[in-house]
1. Say R0 is 60 Å: what FRET efficiency, to the nearest 0.05, do LYS578 and ASP497 get from their beta-carbon distance?
2. Please compute the contact order of the chain in relative form: average sequence separation of alpha-carbon pairs under 8 Å and at least six residues apart, divided by the residue count, as a percent.
3. Hey, with R₀ at 51 Å, roughly what FRET efficiency would TYR257 and ASP410 work out to, going by the Cβ-Cβ distance, to 0.05?
4. Aspartates and glutamates within cross-link reach of LYS231: Cα-Cα under 12 Å, excluding same-chain residues under 8 positions apart?
5. Send over a whole-number figure in Å² for the accessible area per residue of the stretch 540-596, probe 1.4 Å.
6. Taking the DSSP beta bridges in the stretch 6-109 as the whole, what percent of them are antiparallel, to the nearest 5?
7. Excluding MET176 itself, calculate the net charge of residues whose Cβ lies under 10 Å from the Cβ of MET176, where each Lys or Arg counts +1 and each Asp or Glu counts -1.
8. Within the stretch 131-341, what percent of beta bridges assigned by DSSP are antiparallel, to the nearest 5?
Amino acid sequence: MSKFRMHVLVCGGTGCVSSDSMKIVENFKKQIKAAGLAEEVQVVATGCFGFCEKGPIVKIHPDNILYVEVKPEDTQEIVNEHCIKGRTVDRLLYVEPTFEQRISEHKDMPFYKKQLRVALRNCGAIDPENIEEYIAADGYQALGKILTDMTPAQVVDTVKLSGLRGRGGGGFPTGMKWDFASRYAADQKYVICNADEGDPGAFMDRSILEGDPHSVLEAMAIAGYAIGATKGYIYIRAEYPLAIKRLDIAIKQAYDYGLLGKDLFDSGFDFDIQLRFGAGAFVCGEETSLIKSIEGLRGEPTNKPPFPAEKGLWQKPTIVNNVETLANVPVIFLKGAEWFSSVGTAKSKGTKVFALAGKVNNVGLVEVPMGMTLREIIYDIGGGIKGGKQFKAVQTGGPSGGCITAANLDTPIDYDNLIAIGSMMGSGGMIVMDEDDCMVNIAKFYLEFTMEESCGKCTACRIGNKRLHEMLTRITEGKATPDCIEELKELSVIIKDTALCGLGQTSPNPVLSTINHFIDEYKAHVFEKRCPAGVCQALSVYTIIEDKCIGCTACARACPVKCISGSVKKPHVIDQSKCIKCGACLKACAFSAVDKK
Ligand SMILES: Cc1cc2nc3c(=O)[nH]c(=O)nc-3n(C[C@H](O)[C@H](O)[C@H](O)COP(=O)(O)O)c2cc1C
Ligand code: SF4
Ligand code: SF4
Ligand code: SF4
C-alpha cells in the first residue's frame, strides 16, 4: 500500500508538457513541501490522459477528481483547497458543453464514459520513469508467470487464442506471426518494436511509450521467449525525444531490476533491448524498410516473401510488432486470452486507440472496444463537430486510408468493416472534417505527403504519385480538362497494382475514396471552376455587395494589388481581372460587405 494518502497526477505527455505541465509539477512539489504535506501527498508526472483538448490535466487520486486547463498559477489554490481542506476547486472542473454542467469525477465525463483503456491502461495512472510503479500495477507479472510456468508454444497459443491483431495498420494476427517465427530454426532471432509512427496526426504509439514504456519492454521479452529470440530493437523516430528519454530510463531500470539481461526470473532465458533511431521517413515504418534502416542501409522496402518472420534482420527470423500491439500483450496473460477475446467483434478483438483530430470538439487520444460506431466516437466521446457545423467525413487510416461519410457513421468499427466501407483501420489516425473542408484539397494534402515520402524505388509510386498530385493541383486551380477525373482514377488503379510496397499500393486511396463519395465536388471544380467549400483559393471569387458597402475604404487600403476602387462613402468595386484572391478585403471589411464564393 502506498504510504501517501493522496496523489496529484499531472499529465507529462508531450501535448501537456508543451503547455507548461512540468512547471505545474514543479510548483506542486514546492507548494506541497511548503505546506508540510510532502510525506502525505505525492506529485507524479504521468503519461497522457488522452483529453488533450483540455490539457494540461491534473487528477487527484483517490478522489478521482479531474482538473482541466490547469495553469502553473492554479497550483497553489489546488494545494490549499483540495490537498489541505479536501474541497474541490470548482472553477477548474470540466464543463460539459451540452448540459453546461461542471463534472468533477473522471468516470462521469462523456469523454471517458465509453472508453476502455487496455493498451493505455497505465497512461495517466503511473509515473513512467519509476519501474516500481509499473510493478505495483502488476507489471512484469505476466513475464514472470510465462517464464516460470509456460512453454514458448503455450505463449504463442495464448496470443493466438486472444485474437490479437497487429495495430500498426495491416491487422495481421499477432499469434500467427509469432508462430511462423518460432518455427524457423536459427542461431539468432530478433524482436523489433515498430515505433516509427509516421502517419500525419497519429500519436498513439508516442503516448504509450511516454506513459507506459515498461509495458512494451515486458511484451518484447514475452515475444522473445515465444519465438526463441534473445535480442530486441525498438525503432523509434528521433523526433520523439520525450518517449526516447522515458524508454532509456525504463530500459536502464529494467536491467537494474534483472527484468532485462541474463537469466530472467532464473529461467535461463536472456533478453536484451536496444534503441535505434529513425530520421523521420514515413517509408521506414514499413517493416522491410525499417529492417534495412536498422542494418545501417538505406531505408527502402524489399519484396515479400521472404517475410521477416523467415528472413528479417541480418537475414534472421524476426518479428516486427507495433507499439500498441505489444502494449496489449501483458494484459492477455494477466487477464486471460478469453477475457481479451470477449472484447470487440467476431474478427477484431480487444480495443483500438485512435488519435481523434480535426473538426471535433474533444481532440485527443481515445481507446474504445472494437465494434464501437464512428458516431459514438465522434459525438459521444468527441463531443461532436466544432462550432456546431455539419459533419462531412472522417478520414481513417491516414494517407493509406479513405474517407467515410455520414451514411456509414453507424457502422461498427473493426478491421473488416472499415475495408468494406472503403477505408481502413490504419494505425489509428482519425481526422474529422466538416462542411468547410474541400475534399479535393484533402486528397491533394494526403498525396503531397505520400509523394514526398515515396522512397523512389519503383516508378509507379515515384512518378505516378507526382502526376496524381499535379492533376489534383490543376483541379484545385481551375485548370483541369474535362477527362481528368477519369484519368485520376485510371492512374490510381495502375499505381495500386504495380507499386512495390504498402506506401505506393495505398497512396491513391484518398483520391479514389473522395472521388467515390464526393464526385459532385470534383465536378464542380472541373466543369464549373468552383470550389463548393470555398477552400481552393484560385477558384474563389471576391465581390463587394453594393447594398452593404458604406464606402469606408478599408478594403481598398488592404488590397495588396490595389484592384479595389470607389470614392469615400460610395460602394466599392473589385476589378476581377487584377484580383489575386488573397482574401485581405474580406478580413478588412467590418460590415460584411465582401462576399467570397
Ligand atoms: C508506408 C508504411 C508505413 C508504415 N509505418 C508503420 C509505423 O509507423 N508503425 C507500425 O507499427 N507499422 C507501420 N507500418 C506497418 C509495418 O510494415 C508492419 O506491418 C507493422 O509494424 C507490423 O506490426 P503489427 O503486426 O503489430 O501491426 C507501415 C507500413 C507501410 C506500408
Ligand atoms: S511503392 Fe513507393 S515507397 Fe514503396 S518501394 Fe515503391 S517507391 Fe518506395
Ligand atoms: S471595407 Fe467593406 S464597407 Fe468598407 S469599402 Fe470595403 S467593402 Fe465597403
Ligand atoms: S482578394 Fe485580395 S487582391 Fe482580390 S480584391 Fe480582395 S484584397 Fe484585393
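1. Values: r = 46 Å, r/R0 = 0.77.
The value I calculate is 0.80.
2. Details: 1256 pairs, mean separation 66.4, N = 597.
Value for the chain: 11 percent.
3. Values: r = 48 Å, r/R0 = 0.94.
E(calc), rounded to 0.05, equals 0.60.
4. Within the straight-line cut-off, LYS231 pairs with ASP187, ASP270, ASP272.
5. Working: 3450 Å² over 57 residues.
Value returned for the stretch 540-596: 60 Å² of accessible area per residue.
6. Values: 12 of 18 bridges.
Restricted to the stretch 6-109, the bridges split so that about 65 percent are antiparallel.
7. Numbers: positive: LYS160, ARG165, LYS177; negative: ASP179.
Neighbour charge sum, excluding MET176 itself: +2.
8. Working: 3 of 21 bridges.
The antiparallel proportion sits near 15 percent.
The values are calculated or read from the model by the stated rules, or taken from the named source; none is laboratory data. Just so it is clear, the structure is predicted and the values come from calculations on it, not from any experiment. Glycine gets a Cβ as well: all are built from the backbone with ideal geometry, and neighbour counts include every protein chain shown. These accessible areas exclude ligands, DNA and RNA; they are computed on the full protein's heavy atoms, side chains included. Shrake-Rupley method; radii C 1.70, N 1.55, O 1.52, S 1.80 Å.
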